[in-house]
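> Take this structure first; my questions come after.
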Amino acid sequence: MQTHRVLTGVLAAATVIVLSACQADEPPNDVNGRFTQARSRTFRTFAEKSQQTWQGPYFFLQLADTQYGMFSGNKGFEQEAALSQQAVEHINRLRPRYVIVCGDLTHATPGHARYDAQVKQYKQDFSAIHDDIPLVCVCGNHDIGGRPTATSIASYTQNFGDDYFGFWVGGVCNIVLNSSVLKDPTGAPEVLDAQQNWLEQQLAAAQEARAKHIFVFQHHPLFLTEQDEPDQYFNIPLARRTPLLEELKQAGVRAVFAGHYHRNAYGRAGAMEMITTGPVGRPLGKDPSGFRIVTVHETKIQHQYYGMDDVPQTIDLTETTNVQ
Ligand SMILES: [Zn+2]
């Protein structure tokens with residue numbers, strides 16, 4: 001009896017220690033730690049060195065602009081929740097290597113009265129993804145503001161992890177950028193400088209480690225169709241676009257994936273593809289709500305956007321790898 005009581009006490013104490021260790025590092029509404037993986041400029045799930053080695057073809061899903069609250073002008077988010085839940089059903093059936101959401105997770109920005117409720121619903125819906133499928137979140141202009149500041153970025157970071165970071169998946173180097181500071185750096189020029197220095201190191205390291213591919217993910221497209229197209233709301237200003245494009249091309253970046261446009265767009269800068277993907281949430285053009293499936297082979301990639309009602313049942317990776 002005495003032993004039992006002591007053991008129970010020890011177990012209770014251990015539980016308290018384990019709980020407090022988890023809680024110290026996790027924001028609210030993140031019961032499985034899914035939203036805290038982007039830390040220290042990397043993504044913990046993929047932190048092992050072995051990820052730098054090619055392990056065979058795989059596919060991932062690129063989503064964008066779930067933007068909870070956009071359909072109703074921040075009054076509710078029922079439509080976005082229904083579409084995201086539909087996306088999660090596809091994700092759990094298809095079982096991709098990972099899922100990446102390229103920004104504007106919510107419509108409200110940090111500090112807005114509806115922000116916390118939208119974040120909570122986003123996390124609730126995306127927590128239904130199977131535990132073994134990592135979810136990578138990217139910040140958009142609605143997530144940190146059109147003119148981000150250290151404060152708005154900190155608010156995002158608390159909920160969703162780092163605003164820029166890199167991770168390897170099976171021999172492929174993936175770089176996630178905070179494109180809102182590229183769009184308008186005036187509220188946080190030091191963040192743009194730090195990101196630029198970090199990016200140069202990442203690109204050098206990727207080349208050094210002989211990445212099979214280098215992918216860049218961000219919210220804003222660098223451009224929609226032409227690399228020298230005039231500045232407008234949906235692209236990055238030429239003043240910062242041109243030197244960045246040069247740097248990415250020099251490093252052999254294979255593709256840049258973005259959202260923000262709420263419809264699909266495509267262009268090339270030399271061999272590098274600029275892939276802009278339509279929204280999970282509210283469309284602003286003919287493309288319906290949906291997401292992109294990207295298959296990654298050792299020497300090539302393939303990608304296709306699917307409306308939510310047209311997503312294939314399964315993805316066959318062997319079809320293209322068996323070609324002689
Ligand atoms: Zn946006």
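> Can you tell me which residue among Q85, Q79, Q67 is of a type in the set (S, T, N, Q), more than 22 Å from T318 (Cβ to Cβ) and within 16 Å of the ligand (Cβ to nearest atom)?
Q67
> Still on this structure: Working only within the range 99-120, note down all residues that are more than 16 Å from the ligand (Cβ to nearest atom) and surrounded by fewer than 21 Cβ atoms within 10 Å (Cβ to Cβ).
Those that are more than 16 Å from the ligand (Cβ to nearest atom) and surrounded by fewer than 21 Cβ atoms within 10 Å (Cβ to Cβ): G111, A113, R114, D116, A117, K120.
> Right, next: Please work out if G170 is without any contact (Cβ under 8 Å) to a residue 60 or more places away in the chain, assigned by TED's automatic domain parsing to the domain that holds A258 and surrounded by fewer than 24 Cβ atoms within 10 Å (Cβ to Cβ).
No: the conditions fail for G170.
> Residues L244, L224, L284: which one is touching a Ser or Thr at 6+ places or on another chain (Cβ under 8 Å), hydrophobic (A, V, I, L, M, F, W, C), in the same structural domain as V181 (by TED's automatic domain parsing) and surrounded by fewer than 22 Cβ atoms within 10 Å (Cβ to Cβ)?
Answer to the check: L224.
> Now a separate question. Can you spot a residue in the range 310-319 that is modelled with pLDDT under 95 and either within 22 Å of E78 (Cβ to Cβ) or not in a loop (DSSP other than H, G, I, E, B) (or both)?
Yes, there is a match, as at least one residue in the range 310-319 is modelled with pLDDT under 95 and either within 22 Å of E78 (Cβ to Cβ) or not in a loop (DSSP other than H, G, I, E, B) (or both).
> Mind checking which pairs have a first residue in the range 249-267 that is under 14 Å from R292 (Cβ atoms) and a second that is of a type in the set (S, T, N, Q) and within 16 Å of the ligand (Cβ to nearest atom), Cβ under 6 Å, 6 or more apart or different chains?
As it stands, the answer is F257/Q62; A258/Q218; A258/T276; G259/T277; Y261/T276; A265/T276, since those pairs meet every condition given.
> Looking only at the range 235-242, decide whether some residue is modelled with pLDDT of 95 or more and touching a strand residue (DSSP E or B) at 6+ places or on another chain (Cβ under 8 Å).
no
> So which residues in the range 146-164 are within 16 Å of the ligand (Cβ to nearest atom) and under 17 Å from the mean Cα position of the chain (by Cα), if there are any at all?
I153, Y156, F160, D163
The values are calculated or read from the model by the stated rules, or taken from the named source; none is laboratory data. As the structure is a computational prediction, the values presented were derived from the model and not from experiment. Reconstructed Cβ throughout: ideal geometry from the backbone, glycine too, with neighbour counts over all protein chains shown.
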